[in-house]
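Take a look at the structure set out below.
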Amino acid sequence: PHPRHLPSGTEHPSRLQKDEEEEEEEEEEEEEESSDIEEGSPKSPLWVFGYGSLVWKPDFEFTSRKVGYIRGYSRRFWQGDTFHRGNEKTPGRVVTLQEDYNGYTWGVGYELHGLQIAAVLKYLNIREAVLGGYDTKLVKFYPQEEEADEPVLALVYIATPQNPSYLGPASEEDIAAQIIVSSGRAGHNIEYLLRLADFMRYRCPQVEDEHLFSIEEALISILPCIYPAEEPLVQ
């Protein structure tokens, strides 16, 4: 008898089983790594992925850093900030990650070894979790210059809608207007936005971050109305 052919686009059962086994192994690996981090004994090296102020101001020791991206998330200015870039009266707007099946978020991965790991986790717990309202999650980080290599697991900080500082969606114009009037202990909220836009523009020129650049454009259009100047503020 002739062999039975599977319909076009249908995976062979053995291949499906293999894919499922690989996914289970990856999930187990992520769970083990997550457990190690929670217990304070993560494996070396540990990677940390930054997509906000960490891309230009890590303020911790690391072994190496690489520009790259993670999949399944989009960066959004939906998190409120009453410490670093705002205060209780005028909260700033900083970025968090929104789950997005087709999304990509570009940033910087930091490689940590040995004693660096405990020191950095302690520092980031204060900076991102206690003061920022962010939770941790493990994601796959894809270095920009190593597309042929396997991704590495990286720790990332994400502010979820459940945290008290979460502000949620707003128009680009409303977000820009809020950023313009906000500042905190780390500096003005405008600096945060412009530095992040500059990082994307110069380190990831092939990427069009519509959300980020639309807010930057809205801010630039509003600034002359608030701070009149004879010369253009942005050339």
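Coordinate-derived values only; no laboratory data. Fair warning: this is a prediction, and the values are worked out from it, not measured in the lab. Reconstructed Cβ throughout: ideal geometry from the backbone, glycine too, with neighbour counts over all protein chains shown.
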May I ask you to compute the full-extension gain from residue 113 to residue 87, defined as 0.36 nm times their residue separation minus their alpha-carbon distance, rounded to one decimal in nm?
5.8 nm
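Which value, in debye to the nearest 20, describes the size of the charge dipole of segment 46-222 about its Cα centre when Lys and Arg Cβ atoms bear +1, Asp and Glu Cβ atoms bear -1, and nothing else is charged?
Numbers: 17 positive and 24 negative charges, 121 e Å.
Value, rounded to 20: 580 debye.
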For 195, 76, ascending order of other Cβ atoms within 10 Å (fewest first) is 195, 76
Using a basic spin-label model with each label point 7 Å from the Cα along Cα→Cβ, how many nm lie between residue 145 and residue 129?
3.3 nm
Provide 95, 120 in ascending order of the number of other Cβ atoms located within 10 Å of each residue's Cβ, fewest first.
120, 95
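Counting Lys +1, Arg +1, Asp -1, Glu -1, what net charge surrounds residue 87 among other residues with beta carbon under 14 Å of its beta carbon?
Working: positive: 85, 89, 93, 185; negative: 81, 88.
Its environment carries a net charge of +2.
Neighbouring Cβ atoms within 10 Å as the yardstick, rank 105, 63 fewest first. Display every interim value, and only then the final one.
Values: 105 23, 63 14.
In increasing order of surrounding Cβ atoms, one gets 63, 105.
Just the ratio, please: alpha-carbon radius of gyration of segment 76-138 over 2.2 N^0.38 Å, N its number of residues.
Values: Rg = 13.9 Å, N = 63, 2.2 N^0.38 = 10.6 Å.
This ratio for segment 76-138 stands at 1.31.
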